1. Going by the conditions given, is residue 283 on the phi > 0 side of the Ramachandran plot and either crowded, with 21+ Cβ neighbours inside 10 Å or modelled with pLDDT of 95 or more (or both)?
2. Residue 322: over 12 Å from the mean Cα position of the chain (by Cα), buried (at least 24 other Cβ atoms within 10 Å of the Cβ) and closer than 25 Å to residue 109 by Cβ, yes or no?
3. Report whether or not residue 267 is touching a residue at least 12 places away in the same chain (Cβ under 8 Å), under 28 Å from residue 142 (Cβ atoms) and part of a strand (DSSP E or B).
4. Does residue 290 meet the test of being closer than 29 Å to residue 347 by Cβ, in contact with a strand residue (DSSP E or B) (Cβ under 7 Å, 6 or more places away or on another chain) and assigned by TED's automatic domain parsing to the domain that holds residue 48?
5. With a cut-off of at least 2 residues that are crowded, with 20+ Cβ neighbours inside 10 Å and not assigned by TED's automatic domain parsing to the domain that holds residue 482, name the strands (runs of 3 or more DSSP E) lying wholly within the range 49-119.
6. How many of the residues in the range 120-134 are in contact with a strand residue (DSSP E or B) (Cβ under 9 Å, 6 or more places away or on another chain) and either surrounded by fewer than 21 Cβ atoms within 10 Å (Cβ to Cβ) or outside the structural domain of residue 34 (by TED's automatic domain parsing) (or both)?
7. Please verify whether residue 275 is within 28 Å of residue 24 (Cα to Cα), surrounded by fewer than 24 Cβ atoms within 10 Å (Cβ to Cβ) and not assigned by TED's automatic domain parsing to the domain that holds residue 481, treating the condition exactly as stated.
8. Tell me, yes or no, whether the range 177-184 has at least one residue that is more than 26 Å from the chain's Cα centre (by Cα), in a strand (DSSP E or B) and closer than 13 Å to residue 164 by Cβ.
């Protein structure tokens, strides 16, 4: 089914036609054989959602979109889809009927009219990129989990039979007499540059192999590289394992430098040749300048992504784009790490009914004037600068609920959990007034909640008086990245005859209770009869699972592979049910 916003898409096509030199394809994983995750294309935020396409749900899908000649190709589990970049319409899918016998484990590659992808049942497939018809497959002895890439007419990839293969990209015939074989699987990725193929192996080594398939060096790693693979600059191979990052001369395998990371690496880094961007398990993105003898931390503070990244960032035009758990998509300045744009993808009610979030496990891709994000619920999201967004942000629920009568004794938590389907909520613009006076907001980017809690004590430790009896007015203002502003007012009544809210304090002193054991008495029966009743106080009571799914009563502009109602909506005529 087709998406809406045709006028915006036509405008985008005009822009693309007039600036074709600025728009690039993304034909293979991490943009090329060097696996640097760098593109010279510039795409300045804010970005607006232009269209979506719903395919198959695939949890933990590492395969990023690839783009060539105006077509976007995605892999979702046991199928490949080809979509028109301008409209999101399906051109073809493979297989059409019976699914593949093995799931696609990595980003495909496109070259010279052919599409290549590996599967978990030990095959490397070649399809006609225009029609999706099968041409040939190459059989290995193990799952193909590395992104294939093409250089000089040769297709390179690694497999779980301990081998690196080179085959003729046109015919599928082997190039080397026999593959290079190590002592364990090549399961994450390999890179090519400076006349060397470098692969990180599950035997805990990094191998340098020349273009004839002969080993030239071995670099011992502290552990098996289960989260990341090599990336290259002009003469340097960079590899992060655990909490250590190494710089190795590509031709010789000699270590040039190493540095300790503040946290274990969560995914393969990215580089523009001068800086390296390292996503870590502490939900932060670190930037190191590698122009000198030793890497130097570039940003004053690391970027707090708000979720654990599972894939490489993408460096594009002075910005670094990241994706993470809970559907987080964000863009930061390469210069100083400043947040430029942030968006949270909501899960598909079609492929993930009842889910409160969806993860973005594959890399964000900037290509052809668009940002492409494939989430684990099987939805491809296309963002552009030209898609219209005229609707204001919205909210899931407000606390206290409008018209509530309650004690005025502190602490009183006042909060709103926000979302915006069009361009994303600009949380930095949020302000709140309590009875006309500004209050200091706290923002939880994981849940999308902005809140203020009335103080329990003043700066000198003295008691604070309760709010006086009567009606208290709350005014919330917040914009999305397109500049549309939500102004929401609601009220509650303070009544000193009602019991005060329960204050929870931590016990001080010794305890014999094991803190790692679950608390079987923790029964949360809280309810909330406000805007979206059944969600209760979710996201405000310590639940960090992310905001709930946007209500299903509003219609999106998505293309769908299978039947089912549309999702999303952001042009004012759509909206969650209820007036609030």
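The values are calculated or read from the model by the stated rules, or taken from the named source; none is laboratory data. Note that this is a predicted model, so its numbers are computed, not measured. For neighbour counting, all protein chains shown are included, and Cβ atoms are generated from backbone atoms with ideal geometry for every residue, glycine included.
1. When the stated conditions are applied, residue 283 passes them.
2. no
3. Against the criterion (touching a residue at least 12 places away in the same chain (Cβ under 8 Å), under 28 Å from residue 142 (Cβ atoms) and part of a strand (DSSP E or B)), residue 267 does not qualify.
4. Numbers: closer than 29 Å to residue 347 by Cβ: no; in contact with a strand residue (DSSP E or B) (Cβ under 7 Å, 6 or more places away or on another chain): yes; assigned by TED's automatic domain parsing to the domain that holds residue 48: yes.
The answer is no for residue 290.
5. Where strands (runs of 3 or more DSSP E) fall fully within the range 49-119 and carry at least 2 residues being crowded, with 20+ Cβ neighbours inside 10 Å and not assigned by TED's automatic domain parsing to the domain that holds residue 482, they are 66-68, 71-76, 79-84, 109-111, 114-118.
6. Of the residues in that region, 9 qualify.
7. On the way: within 28 Å of residue 24 (Cα to Cα): yes; surrounded by fewer than 24 Cβ atoms within 10 Å (Cβ to Cβ): yes; not assigned by TED's automatic domain parsing to the domain that holds residue 481: yes.
Considered against the rule, which asks whether it is within 28 Å of residue 24 (Cα to Cα), surrounded by fewer than 24 Cβ atoms within 10 Å (Cβ to Cβ) and not assigned by TED's automatic domain parsing to the domain that holds residue 481, residue 275 comes out as yes.
8. Yes: the range 177-184 contains one or more residues that are more than 26 Å from the chain's Cα centre (by Cα), in a strand (DSSP E or B) and closer than 13 Å to residue 164 by Cβ.
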